[in-house]
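Undergrad: Below are the structure tokens for one structure; questions will follow.
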Amino acid sequence: MPRLTKLSLALLLAGAASAQAAESAADRPLPARQAEIDAIVKEISPQRIQAYVNKLVGFGTRHTMSDTTSETRGIGAARRWIKSEMERCGAGRLEVRFDGHLHPVDNRIDKPTEIVNVVATLPGTQAASKDRYYVVSGHYDSRVTDVMNATADAPGANDDASGTAAVIEMACVMARHKFDASLVFMTVAAEEQGLYGSGDFAKKAKANKMNIAGMLNNDIIGSSHDEKGKLDNSHVRLFAEGVPPLREAPSPELRTLLVTGGENDSITRQLARHVKETGERYVPNFKVDIIYRRDRYLRGGDHSPFLDAGYAAVRFTEPNEDFNHQHQDLRVEKGVKIGDYPEFVDPEYVAQVTRVNAASLASLALAPAAPQEVKVKTAALDNGTDLVWKANAEPDVAGYRVVWRETTSPLWQGSRFVGNATTARIDMSKDNVLYGVQAVDKDGNVSPATYPLPMR
């Protein structure tokens, strides 16, 4: 059945249902699966991912301050290979470039060093959406125990050749498809020295008012076993910040979010919900565990500068980090092999995480933007809820969907498609549930939800 027909049928059924049934989570109409997204997920190859990891390890070290002139060793050779590989597989559809800056001496930089990201952009094809961007990243630099040691072998197979391989694989597969919005596949440098590559990109993006609607960071996504060797390959952690850390008085928008009980409804948490729902729909028997933190306890990653710049950004990381294979000098102790070697990376597990990323990116880039200026009318005391929002600019918007959940629930529990309107009334009290509004296009692609603020 064509996708449009499926959507039309779903909307017809939803419209025919009684108000009571429409407000039941059991009757919540889910968006149709998209054949194009299924095809993308199917194309992800663990064999190619393994080959990418092995190639990156083969450069000996990818330390940020390592050799940049050799053709076979060091970070310079690594970044040139990444660029050439994405140019090759992009076949002219990807716009691939180096994006660098000269970083001065710093705590983990002992000499002025050129920090170079490899950035591949797949331009969107819809005029109303092409200036909306979704970024996916992995860092290609590596290290051993001493973060300043730029000469020792540092294979960095899991940290983070696994994330870099995922980004390259997504770029190569998704370049063969078309999307309304633009996708940026980025491998960044100097994560280990202080997030300098991603930080520079995020700073430039903010200064240029780049509309980054979501950023997915992949860092340490390669191991399917815990530190005791137990297999654990059925889920991935997705770190998603709620309220950002405050260095000054909260903005009026953040203050309103907190006053209305929306601390779990930041743009990053909305992105995480969308990723979880989409990833689990298209990758069977694989769970996305949303972790309500910016990152692992008191640690950080390349999504952090994007969060600091005000963008929605999340981090994928395997469920169990084995620190024998992370930031370690290569050695054997008491018969235990220590170091970030490729033999400790499971390419099929990396492929599963990559599939979740790819499905999420495709869904986001095919869907309309999240609705803007979503408000709850508060002029009168009322046990119902009246919502209003601004109409989307995309020409293929079919309408909007109101979603809701109990205040103690992390995920949306109910929904109602309200047609191509900019207002909706739901006969449930805003005191008791949390609301969101999503945009839906004619093919059934659904945007992340937007949390409504009060209309004064």
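The values are calculated or read from the model by the stated rules, or taken from the named source; none is laboratory data. All values reported here derive from a predicted model rather than from experimental measurement. Using ideal geometry, Cβ is built from the backbone for each residue, glycine included, and neighbour counts are taken over all protein chains shown. SASA here: full protein model, heavy atoms, side chains in, ligands and nucleic acids out. Shrake-Rupley method; radii C 1.70, N 1.55, O 1.52, S 1.80 Å.
Undergrad: In this structure, is V350 within 30 Å of Q34 (Cβ to Cβ) and more than 23 Å from the chain's Cα centre (by Cα)? Break it down into steps so the answer makes sense when it comes.
TA: On the way: within 30 Å of Q34 (Cβ to Cβ): yes; more than 23 Å from the chain's Cα centre (by Cα): no.
Spelling it out, it is not the case that V350 is within 30 Å of Q34 (Cβ to Cβ) and more than 23 Å from the chain's Cα centre (by Cα).
Undergrad: When residues of the range 286-313 are filtered for being assigned to a strand (DSSP E or B) and in contact with a Gly (Cβ under 8 Å, 6 or more places away or on another chain), how many remain? Explain how you work it out, then say what you get.
TA: Quick first cut of the range 286-313, residues assigned to a strand (DSSP E or B) only: 287-291, 313.
Cutting the leftovers down to in contact with a Gly (Cβ under 8 Å, 6 or more places away or on another chain) gives us 288, 313.
Looking only at that region, the number is 2.
Undergrad: Given the criterion surrounded by fewer than 16 Cβ atoms within 10 Å (Cβ to Cβ), over 16 Å from Y134 (Cβ atoms) and either in contact with a Leu (Cβ under 7 Å, 6 or more places away or on another chain) or in contact (Cβ under 8 Å) with a residue 24 or more places away in the chain (or both), identify the matching residue among D265, D289, D295, D308.
TA: Unique residue meeting the criteria: D289.
Undergrad: I want to confirm something. Restricting to the range 398-432 and keeping residues that are in contact (Cβ under 8 Å) with a residue 40 or more places away in the chain and of a type in the set (V, I, T), which single residue is surrounded by the fewest Cβ atoms within 10 Å (Cβ to Cβ)?
TA: T407
Undergrad: Need pairs with beta-carbon distance below 8 Å; first residue more than 30 Å from V356 (Cα to Cα) and within the range 136-162, second polar (S, T, N, Q) and open to solvent by less than 30 Å² (accessible area, probe 1.4 Å); sequence gap 6+ or separate chains.
TA: So the pair list comes out as V147/Q193; A150/T61; A150/T64; A150/S66; T151/T61; T151/S66; A152/T61; D153/T61.
Undergrad: Could you list, in sequence order, all residues of the range 94-118 that are in contact (Cβ under 8 Å) with a residue 60 or more places away in the chain, more than 15 Å from D141 (Cα to Cα) and of a type in the set (A, V, I, L, M, F, W, C)?
TA: Of everything in the range 94-118, just one residue is in contact (Cβ under 8 Å) with a residue 60 or more places away in the chain, more than 15 Å from D141 (Cα to Cα) and of a type in the set (A, V, I, L, M, F, W, C), namely L94.
Undergrad: Here is a further query. Taking into account only those residues within the range 178-212 that are in contact with a helix residue (DSSP H, G or I) (Cβ under 6 Å, 6 or more places away or on another chain) and aromatic (F, W, Y), which is farthest from H101 (Cα to Cα)?
TA: For the range 178-212, the residue satisfying everything is F179.
Undergrad: On to the next question. Which residues, taken from the range 76-92, are hydrophobic (A, V, I, L, M, F, W, C), over 15 Å from D141 (Cβ atoms) and assigned to a helix (DSSP H, G or I)? Write out each step before concluding.
TA: Step one: list which residues in the range 76-92 are hydrophobic (A, V, I, L, M, F, W, C), which gives 77-78, 81-82, 86, 89, 91.
Filter once more, keeping what is over 15 Å from D141 (Cβ atoms): 86, 89, 91.
Result: M86, C89.
Undergrad: Inside the range 213-240, can you point out the residues that are closer than 13 Å to R296 by Cβ and either out of contact with any helix residue (DSSP H, G or I) (no Cβ under 6 Å at 6 or more places or on another chain) or assigned to a strand (DSSP E or B) (or both)?
TA: Answer for the range 213-240, where residues must be closer than 13 Å to R296 by Cβ and either out of contact with any helix residue (DSSP H, G or I) (no Cβ under 6 Å at 6 or more places or on another chain) or assigned to a strand (DSSP E or B) (or both): N217, R237, L238, F239, A240.
Undergrad: A follow-up question, please. Only residues that are free of Cβ contacts under 8 Å to residues at least 40 places away in the same chain and surrounded by fewer than 20 Cβ atoms within 10 Å (Cβ to Cβ): list them for the range 42-66, please. Please lay out each step first, then the result.
TA: So in the range 42-66, the residues free of Cβ contacts under 8 Å to residues at least 40 places away in the same chain come out as 42, 51, 55, 58-59.
Within the range 42-66, K42, A51, K55, G58 meet the criteria.
Undergrad: Please specify each residue of the range 380-395 satisfying the condition of being surrounded by fewer than 17 Cβ atoms within 10 Å (Cβ to Cβ) and either free of Cβ contacts under 8 Å to residues at least 12 places away in the same chain or part of a loop (DSSP other than H, G, I, E, B) (or both). Don't jump to the end; show me each part of the working.
TA: Initial filter on the range 380-395 (surrounded by fewer than 17 Cβ atoms within 10 Å (Cβ to Cβ)): 380-384, 388, 390-391, 393, 395.
Correct list: A380, L381, D382, N383, G384, A391, A393, P395.
Undergrad: Could I ask something else about it? Enumerate the pairs (first residue in the range 445-456 and in a loop (DSSP other than H, G, I, E, B); second residue anywhere and buried (at least 24 other Cβ atoms within 10 Å of the Cβ) and among the polar types (S, T, N, Q)) with beta-carbon separation below 8 Å, excluding pairs fewer than 6 apart on the same chain, so at least 6 apart or on different chains.
TA: What qualifies is N445/S363; S447/Q438; P448/Q438; A449/Q438.
Undergrad: Please give the number of the condition E253 fails out of (1) in contact with a Leu (Cβ under 9 Å, 6 or more places away or on another chain); (2) open to solvent by less than 20 Å² (accessible area, probe 1.4 Å); (3) assigned to a helix (DSSP H, G or I); (4) within 24 Å of E373 (Cα to Cα).
TA: Failing condition for E253: (2).
Undergrad: Can you name the number of the only condition in (1) more than 20 Å from D141 (Cβ to Cβ); (2) of a type outside the set (K, R); (3) open to solvent by 30 Å² or more (accessible area, probe 1.4 Å) that F323 fails?
TA: Only one criterion is unmet by F323, namely (1).
Undergrad: Additional query: Assuming R281 fulfils every condition listed in (1) at pLDDT below 95; (2) among the basic types (K, R); (3) open to solvent by less than 60 Å² (accessible area, probe 1.4 Å) apart from one, which condition is it?
TA: R281 satisfies every listed condition except (1).
Undergrad: Could you check, for the range 332-350, whether at least one of its residues is modelled with pLDDT under 95, part of a loop (DSSP other than H, G, I, E, B), out of contact with any helix residue (DSSP H, G or I) (no Cβ under 7 Å at 6 or more places or on another chain) and not aromatic (F, W, Y)?
TA: yes
Undergrad: Where in the range 93-206 are the strands (runs of 3 or more DSSP E), entirely inside, with at least 1 residues that are crowded, with 23+ Cβ neighbours inside 10 Å and of a type in the set (V, I, T)?
TA: Qualifying strands (runs of 3 or more DSSP E): 113-122, 132-139, 182-188.
Undergrad: Any residue at all in the range 235-252 that is at pLDDT below 95, closer than 17 Å to A309 by Cα and β-branched (V, I, T)?
TA: Yes, some residue in the range 235-252 is at pLDDT below 95, closer than 17 Å to A309 by Cα and β-branched (V, I, T).
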